[in-house]
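Asker: Let me begin by handing over the structure; questions about it come next.
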Amino acid sequence: MNVITPSPAEWDSFVLSQPRGHVLQLSAWADLKSAYGWTADRVAVTDGNRIVGGAQILFKRLPFRLGTMAYLPMSDLPAPGSALEKAVDQMCKRHHAAFLKAEPGYFIDQPMPSFGSAYRLSPQTVQPPNTVVIDISGTEDAIMARMNQGTRRKIRQSLKNDILYTEASRDDVRKFTQIMQVTGSRNEFGVHEPAYYDLAYSLLIPQHGALILAEHEGDPLAGVFVCAVGKWAWYLYGASSSEKRNLMASYGVQWKAIEWARARGAVYYDMWGIPDEPEAKLEAEFETRSDGLWGVYGFKRGWGGMVTRSAGTWDRVYNPVIYQAYQWALKRRSHGND
């Protein structure tokens, strides 16, 4: 076994060949995050000329001047004692990481592995740990049959309202950012600056995704950033205008994104993020809650997907003193005492 630093092309070829390849492990995602406060590094283990394992890790300065955090998003953890684990540890220490925060993602069609004693379950997550995953295999009629009646009706209505659905060009990203600002203000959540979505388009869309826009008589009404790797697709960003909401464009544009994902060979569509609560509580409270991710759960639940929780967030600690200080500082801040 040899340890190498793969080129972006070599790395992407490996990720795209994996059954659990993820958009957050593509070099384009690292490039996007590197423009917004992170740095990225990669390591791989080869058997001859073939990569057999690897990790793309993001690094970011911790608050409170506590050093650096390493982050491994949506990737299998290195096997205990393996050459890859040793290479990851060396890379993290080279970047002066106090700890590695790893999020292995979802295990829908395979058993969840054991993560070993070197990792501890973390209370702090980066990606939302709970989501809705739609099975988009089979016929379109079969997919719609799994939805609730209201969602199915609104999709069909949206396809009859003379709305123009297109795969947007980069020049159209400004339309998406305009309605994204409206969405953020209406639903009281933060959004990225326009330059972020423009860069995301330039890095991800040409090879791995699409920006689907819905317009009516020249008015942009809704948009969805969707990406796909292998049999998975992800609804990364979505926006909808406050105008002409009776036309149900947010349903039509989501359906068009699903059609795009199916054409790419995806069989799972990740709606990306709902409240981290048991399904029974979600169903009991979604009609009366609008805070945080509760505001989007009512929309996402109607698509007939499975409420799915990730394997959690796991920390590998390199500097126990800094790690404990970091945990203490976060707890103090969460209680409003910072």
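The values are calculated or read from the model by the stated rules, or taken from the named source; none is laboratory data. Keep in mind the model is a prediction, meaning the values are calculated, not measured. When we count neighbours, we look across all protein chains shown, and the Cβ atoms used for this are built from the backbone with ideal geometry, even at glycine.
Asker: Considering only segment 227-265, state which residues are among the hydrophobic types (A, V, I, L, M, F, W, C) and in a loop (DSSP other than H, G, I, E, B).
Answerer: MET248
Asker: Here is a further query. Could you identify the single residue in TYR235, TYR251, TYR326 that is within 27 Å of GLY21 (Cα to Cα) and either buried (at least 21 other Cβ atoms within 10 Å of the Cβ) or of a type in the set (A, V, I, L, M) (or both)?
Answerer: Every option except TYR235 fails the conditions.
Asker: Another question, if that's okay. Run SER137 past the list (1) in a loop (DSSP other than H, G, I, E, B); (2) outside the structural domain of GLN254 (by TED's automatic domain parsing); (3) under 21 Å from GLN18 (Cα atoms) and report the number of the one that doesn't hold.
Answerer: Every condition holds for SER137 apart from (2).
Asker: Looking at segment 54-85 only, could you name the residues that are surrounded by fewer than 19 Cβ atoms within 10 Å (Cβ to Cβ), small (Gly, Ala, Ser) and not in a loop (DSSP other than H, G, I, E, B)?
Answerer: Selection gives ALA83 alone.
Asker: Here's another thing I want to ask about it. Yes or no: segment 147-159 includes at least one residue that is more than 16 Å from ALA257 (Cα to Cα), touching a strand residue (DSSP E or B) at 6+ places or on another chain (Cβ under 7 Å) and free of Cβ contacts under 8 Å to residues at least 60 places away in the same chain.
Answerer: No, segment 147-159 contains no residue that is more than 16 Å from ALA257 (Cα to Cα), touching a strand residue (DSSP E or B) at 6+ places or on another chain (Cβ under 7 Å) and free of Cβ contacts under 8 Å to residues at least 60 places away in the same chain.
Asker: Quick one: how many residues across segment 254-295 are among the hydrophobic types (A, V, I, L, M, F, W, C), farther than 29 Å from GLN178 by Cβ and buried (at least 19 other Cβ atoms within 10 Å of the Cβ)?
Answerer: 1
Listed here are the residues, each with its yes/no results for (1) in contact (Cβ under 8 Å) with a residue 60 or more places away in the chain; (2) polar (S, T, N, Q).
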{"position": "GLY184", "(1), (2)": "no, no"}
{"position": "ALA195", "(1), (2)": "no, no"}
{"position": "SER202", "(1), (2)": "no, yes"}
{"position": "PRO206", "(1), (2)": "no, no"}
{"position": "GLY209", "(1), (2)": "yes, no"}
{"position": "TRP232", "(1), (2)": "yes, no"}
{"position": "ALA239", "(1), (2)": "yes, no"}
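Asker: What do you reckon, is LEU204 surrounded by 15 or more Cβ atoms within 10 Å (Cβ to Cβ) and of a type in the set (A, V, I, L, M, F, W, C)?
Answerer: Taking the combined requirement at face value, the residue satisfies it.
Asker: Can you confirm whether LYS33 is over 21 Å from VAL126 (Cβ atoms), assigned to a helix (DSSP H, G or I) and not hydrophobic (A, V, I, L, M, F, W, C)?
Answerer: Criteria not met by LYS33.
Asker: Now a separate question. Please tell me if TYR297 is of a type outside the set (D, E, K, R), at pLDDT below 95 and within 20 Å of the chain's Cα centre (by Cα).
Answerer: Yes: the conditions hold for TYR297.
Asker: Residues in segment 147-159: is at least one among the small types (Gly, Ala, Ser), surrounded by 12 or more Cβ atoms within 10 Å (Cβ to Cβ) and not in a helix (DSSP H, G or I)?
Answerer: Within segment 147-159, none of the residues are among the small types (Gly, Ala, Ser), surrounded by 12 or more Cβ atoms within 10 Å (Cβ to Cβ) and not in a helix (DSSP H, G or I).
Asker: Could you run through segment 160-179 and say how many residues are of a type outside the set (S, T, N, Q), under 17 Å from HIS216 (Cα atoms) and assigned to a helix (DSSP H, G or I)?
Answerer: So the answer is 6.
Asker: Then there's this: State which residue is farthest from GLY37 (Cα to Cα) when the search covers only segment 53-110 and only residues that are within 19 Å of the chain's Cα centre (by Cα) and among the aromatic types (Phe, Trp, Tyr).
Answerer: Taking the candidates together, the pick is PHE107.
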